[in-house]
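Participant: Here it is, the structure in full.
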Amino acid sequence: MSGAAGETGGAGGLRLLVLNPNISESVTALIEAQARRSMRPDTRLTMRTAAAGVAYIETRFEAMLGAHAAAGMAAESCAGHDAVIVAAFGDPGVAALREALPVPVVGLTDAALSTACLLGQRFSIIAISQRIQAWYREVVRGCGLEGRLAGIRALNRPLSAIDGIQEEHADALVALAEAAVREDGADVLVLAGAPLAGLARSVAHRLPVPAVDGVDCAVRQAELLASLGARRARAGSFAPPPVKPNRGLSPACAALLAGAAGAPGAAAPR
């Protein structure tokens with residue numbers, strides 16, 4: 001179902017499963033590099049990349065494909081981890097995984113937007129494509145934060161390589177960020193998407209307001225939730241899925257569903 005996994009970090013501490021629901025191994029490398037800058041010294045990472053799907057997500061349909069990939073990778077690899085990160089802006093599959101997994105699940109959008117709200121009243125999102133904007137607005141609305149969204153500004157030029165956006169378009173992205181502050185009234189900037197992992201740090205000195213990085217925020221919030229001992233819901237809208245007949249699922253997904261229904265409060269094995 002999914003690409004090669006790699007584990008890095010110290011010999012102890014928390015274990016985070018980081019899922020790239022797209023097929024770009026080079027973007028997974030960007031995500032990992034930024035995660036390693038943010039994580040505690042003793043945190044360990046397991047990186048996974050989708051084996052099927054698209055290079056990057058910018059439409060609702062592609063988000064659905066990414067959610068399917070994230071579900072499969074999580075089912076295969078979540079055992080023994082303290083939290084799971086879905087490392088794509090838009091959080092494909094995050095809400096659904098919170099029903100099925102016994103550990104906290106964090107998405108880049110939820111993490112970045114909640115952090116932005118701690119730094120200012122209104123935030124703007126800087127994105128990599130025009131097509132992505134309508135879907136991003138829906139995602140922000142789903143987070144209940146539409147009233148704090150100053151605007152979304154996006155590149156309007158061809159992308160020659162998804163892992164080279166930062167080098168090729170850094171100046172244009174900074175210009176969009178400056179316009180978001182000047183014209184939209186943004187107090188905080190969210191540089192959106194895994195391909196921009198690390199850009200907020202590298203251009204911070206050029207920006208007039210704070211900027212947040214989804215990978216940074218997701219890693220630190222995943223560590224926080226795991227350290228707090230947050231447990232899965234046993235009732236309410238995030239209660240585990242009920243037992244019902246199924247067919248054609250991967251063995252890992254079938255086992256995850258059976259385990260979630262059979263032990264709604266159980267923690268992941270260490």
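The values are calculated or read from the model by the stated rules, or taken from the named source; none is laboratory data. Source: prediction; values computed, not measured. For neighbour counting, all protein chains shown are included, and Cβ atoms are generated from backbone atoms with ideal geometry for every residue, glycine included. Just the protein is used for accessible areas: all its heavy atoms, side chains included, with ligands, DNA and RNA removed. Shrake-Rupley method; radii C 1.70, N 1.55, O 1.52, S 1.80 Å.
Participant: What is the residue count in segment 212-222 for residues that are more than 14 Å from residue 20 (Cα to Cα) and open to solvent by less than 30 Å² (accessible area, probe 1.4 Å)? Spell out the reasoning first.
Facilitator: Going through segment 212-222, the residues more than 14 Å from residue 20 (Cα to Cα) turn out to be 212-213, 216-217, 220-222.
Checking the rest, the ones that are also open to solvent by less than 30 Å² (accessible area, probe 1.4 Å) come to 212-213, 216-217, 222.
Counting residues in segment 212-222 that are more than 14 Å from residue 20 (Cα to Cα) and open to solvent by less than 30 Å² (accessible area, probe 1.4 Å) gives 5.
Participant: Here's something else I'd like to know. Could you count how many residues in segment 41-52 are touching a helix residue (DSSP H, G or I) at 6+ places or on another chain (Cβ under 9 Å), outside any strand (DSSP E or B) and open to solvent by 10 Å² or more (accessible area, probe 1.4 Å)? I'd like the intermediate steps shown before the answer.
Facilitator: Of the residues in segment 41-52, the ones touching a helix residue (DSSP H, G or I) at 6+ places or on another chain (Cβ under 9 Å) are 43, 45-52.
Narrowing further to those that are outside any strand (DSSP E or B): 43, 51-52.
Subset that is open to solvent by 10 Å² or more (accessible area, probe 1.4 Å): 51-52.
Residues flagged as touching a helix residue (DSSP H, G or I) at 6+ places or on another chain (Cβ under 9 Å), outside any strand (DSSP E or B) and open to solvent by 10 Å² or more (accessible area, probe 1.4 Å) within segment 41-52 amount to 2.
Participant: Output the residues belonging to segment 147-165 that are assigned to a helix (DSSP H, G or I) and either at pLDDT 95 or above or open to solvent by less than 30 Å² (accessible area, probe 1.4 Å) (or both). Show your work before the answer.
Facilitator: Applying the first criterion (assigned to a helix (DSSP H, G or I)) to segment 147-165 yields 147-148, 162-165.
Selection gives 147, 148, 162, 164, 165.
Participant: To continue, here is another question. Which residue, of 55, 96, 88, is surrounded by fewer than 19 Cβ atoms within 10 Å (Cβ to Cβ) and in a loop (DSSP other than H, G, I, E, B)? Reasoning before the result, please.
Facilitator: Working: 96 fails: in a loop (DSSP other than H, G, I, E, B); 88 fails: surrounded by fewer than 19 Cβ atoms within 10 Å (Cβ to Cβ).
From the options 55, 96, 88, the qualifying one is 55.
Participant: Looking only at residues that are surrounded by 17 or more Cβ atoms within 10 Å (Cβ to Cβ) and out of contact with any Lys or Arg (no Cβ under 9 Å at 6 or more places or on another chain) in segment 174-189, which one is farthest from residue 116 (Cα to Cα)?
Facilitator: This residue is 181.
Participant: Next up: Among the residues of segment 230-254, how many are within 18 Å of residue 17 (Cα to Cα), modelled with pLDDT of 90 or more and open to solvent by 40 Å² or more (accessible area, probe 1.4 Å)?
Facilitator: Residues that pass the stated criteria total 0.
Participant: For the structure I just gave you, tell me whether residue 222 is in contact with a strand residue (DSSP E or B) (Cβ under 7 Å, 6 or more places away or on another chain), within 18 Å of residue 89 (Cβ to Cβ) and outside any helix (DSSP H, G or I). Please lay out each step first, then the result.
Facilitator: Numbers: in contact with a strand residue (DSSP E or B) (Cβ under 7 Å, 6 or more places away or on another chain): yes; within 18 Å of residue 89 (Cβ to Cβ): yes; outside any helix (DSSP H, G or I): no.
No, not satisfied.
Participant: Under the condition of being among the hydrophobic types (A, V, I, L, M, F, W, C) and crowded, with 23+ Cβ neighbours inside 10 Å, which residue from segment 190-210 is farthest from residue 174 (Cα to Cα)?
Facilitator: Initially, segment 190-210 is screened for residues among the hydrophobic types (A, V, I, L, M, F, W, C), giving 190-192, 194, 196-197, 199-200, 203-204, 207, 209.
Among the residues that remain, those that are also crowded, with 23+ Cβ neighbours inside 10 Å are: 190-192, 194, 196-197, 199-200.
Details: 190: 12, 191: 10, 192: 13, 194: 17, 196: 12, 197: 14, 199: 10, 200: 10 Å.
Top of the filtered list is 194.
Participant: Hey, another quick one. Provide a single number: the residues in segment 102-128 that are open to solvent by less than 10 Å² (accessible area, probe 1.4 Å) and over 16 Å from the mean Cα position of the chain (by Cα).
Facilitator: Here the count works out to 2.
Participant: Show the residue pairs that are 6+ apart or on different chains and have beta-carbon atoms under 6 Å apart, the first residue being within segment 191-209 and in contact (Cβ under 8 Å) with a residue 12 or more places away in the chain, the second being in a loop (DSSP other than H, G, I, E, B) and open to solvent by less than 20 Å² (accessible area, probe 1.4 Å).
Facilitator: That search, which allows pairs on different chains as well, returns 192/89; 193/89; 193/128; 194/87; 194/88.
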